[in-house]
Each structure stands twice: as C-alpha cells, then as structure tokens.
Amino acid sequence: MTVTPERARALLSRIGAWLEARDGGYAIRLGPDRRSRIVAVIDEAAFADLVRRPGLSVRGGGGWRLRPERIDPPDNAGRPGVLPGERPVMQADGRLALRRANLGESPLAWLARRRGADGRPFLSAIQAAAGERLRADAETALSGPSLTMRWDALPRSGGGTSARVEPGDRALSAARRVAAALASVDPRLRPMLDRICVRGSSLRLAEEGLGLRRRQGKAVLGQALDALARHYRIG
C-alpha cells in the first residue's frame, strides 16, 4: 500500500519502525529485521520529502530510521520562565481584549525558589512580593491598548522621564506606577530593577549588561528590592 509522506512520518514515528529500499520504492517495516511485515510503501518523491523533514538516520543492519523532528525552543535566551502568550485585559470601555503577556514563571519567581550554598533563599518573601508588584504593573502598562512606552526613558540616574503614553486607561495608570516606583529607588539600583522586573532578564545577563561581577548582582538586586518594598510599604 503506497502512502503519503504525512502517513509515512506517522508510521515511522512508531517504536521499532524503519525504512528500506525495495523494488523501486521504499518499504516501511514495524519490526527488528526483514522478516517483519511491510506495512506501507512510499515512492521516491515521498522518500525525498522525508529526507528534507525531519530527516533520516542510517540504521544499524541496513535501512533508515526517522530522525526525531527538532523543535526549537522559544527565543527567550536569558529570560527564564518567559512563555509568550495572550491574556484577557479589561479595556476602558469595559470590554475584554486579548493582549500579549508572559504566561510563564517570572524571573523573580524563579530566583525566589533558588537557595544559596547556605540553604537560604536568594530572595525574601517581601523582596519577591515587591518585585512581582513592579513586574505586574510593567506588564499591564505594556499590554494596554494604544500604549507607547520607552522604558529606557523612565527615571534613571538623572531623574525625570520622557516616556510617552496614550490614552488614559488602566495601562496609563500602571505606567505611572512603574515610573513612580523606579523614581523612589536609588539611581544606582534602578537599572537592576529595570532589567529583571521590567524587562524580564535573567540575573546573569543583568550582571553582564551592567558590568557587575558574578554574584554581585544578587546583592544589588536585594538592595533594590528592599527599597522597592519600602516604597510599596510591604512588610
């Protein structure tokens, strides 16, 4: 029975399935050797299609096996816990709309679960809560309708902001809360909050981007989150 490339892929994905050249075509067998039954036959065009995707590997004893199809991970390098997706967001007129959001675990939650060599958690519960509050506001601001925001224009060492936002809604209110929270923190500590809480970077990449030594970023992040907790009056 001659089958399509799609059917051939499905058959060859079974345990023990393999392919061999036979009588001007290619036979699919579901067994350890040539005494096993031929379940399907494909032609040269279908064989070439299998070679292109997902590929074939040489089988010991002759023939070929299906190479497992490669599934590329999402492009979230340095952003642990980031799972791009959509969330329903309430608009100013009361209607729900789907907006881009991170559906995975945040970098802060990932850090909060980590423990150092001394067994103590990387972040205290208060630090994690403050950071998550800033992250949630930043996500709301960026997911709002008709919102334009340059996070690199938010208050930093020089103070002030040139962020542009429009129009007034939940997203605008969240953006203002983000700006106020960052403005309340020492200018030397703001970039760490910006990278991890707002941009969702990993601690390692934040250290590299800010020119810090390994493990120095943990101390800087802790100080920044302590300041943020005071701003939010947490703890």
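Each reported figure results from applying straightforward, stated rules to the coordinates on display, with no laboratory input. What you see is a predicted model; the values in this text were computed from it and never measured. In this analysis, Cβ positions are derived from the backbone assuming ideal geometry, glycine residues included, and neighbour counts consider all displayed protein chains.
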Checklist outcome for this item: Residues other than Ala229 with Cβ under 12 Å of its Cβ, Lys/Arg counted +1 and Asp/Glu -1, net out at +1
Next on the checklist: Using 0.36 nm times the number of residues separating Thr4 and Gln223, minus their current alpha carbon distance, what extension gain do you get?
Outcome noted: 72.7 nm
Checklist entry - Assigning unit charges at the beta carbon (Lys, Arg +1; Asp, Glu -1) and nothing else, what dipole magnitude in debye, to the nearest 20, does region 192-235 show about its Cα centre? => result 120 debye
Checklist entry - On full extension of the chain, what length is gained from Arg213 through Arg14, given 0.36 nm per residue of separation minus the C-alpha to C-alpha distance? => result 66.7 nm
Checklist entry - Taking a ≥ b ≥ c as the square roots of the eigenvalues of the Cα gyration tensor of region 180-235, is the shape rounded (a/c under 1.5), prolate (a/b larger than b/c) or oblate? => result prolate
